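Below is one structure, written out as structure tokens, with a few remarks after it.
Quick note: the coordinates plus some simple rules give every number you see, no bench work behind them. Computed from a prediction, not measured in an experiment: that's the story for all the values here. Neighbour counts are summed over all protein chains in view; Cβ atoms, including those assigned to glycine, are modelled from backbone coordinates with ideal geometry.
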Amino acid sequence: MTDTVFTQIQNTIDSRKGGNPDESYVAQLLHKGQDKILKKVIEEAGEVLMASKDGDREHLIYETADLWFHSMVLLAHHGLRVEDVAAELARRQGLSGLAEKAARTAE
């Protein structure tokens, strides 16, 4: 995969693991653990919804960036990377969403 902005951000997040929580927001989140990270993801998801309801495109972009960032921190907490999500999206590309959902339901 090319060195996308997502990969660069994920690399930065990974480099902050085990860092000083007083010096890094990411280190602080990771230090506080999954519950804190999940609260941030939920908070940011709510802000995305409100920005969408308000119809403010710039605010929607801003809040979506926050949601994606905090989701990437959550991935890092679990030892995963944005590339893992990209691989899953690539796997699904060309599949009917309805067929994919039906296959999950049948399991």
Matching residues, segment 77-107, being touching a residue at least 40 places away in the same chain (Cβ under 8 Å) and among the hydroxyl-bearing types (Ser, Thr, Tyr): none
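Got at least one residue in segment 49-63 being buried (at least 17 other Cβ atoms within 10 Å of the Cβ), of a type in the set (A, V, I, L, M) and assigned to a helix (DSSP H, G or I)? Full working, then the answer.
Of the residues in segment 49-63, the ones buried (at least 17 other Cβ atoms within 10 Å of the Cβ) are 51, 60, 63.
From what's left, of a type in the set (A, V, I, L, M): 51, 60.
From what's left, assigned to a helix (DSSP H, G or I): 51, 60.
Checked segment 49-63: at least one residue is buried (at least 17 other Cβ atoms within 10 Å of the Cβ), of a type in the set (A, V, I, L, M) and assigned to a helix (DSSP H, G or I).
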First in segment 10-39 and assigned to a helix (DSSP H, G or I), second anywhere and loosely packed, with under 13 Cβ neighbours inside 10 Å, Cβ under 7 Å, 6 or more apart: Ala27/Asn20
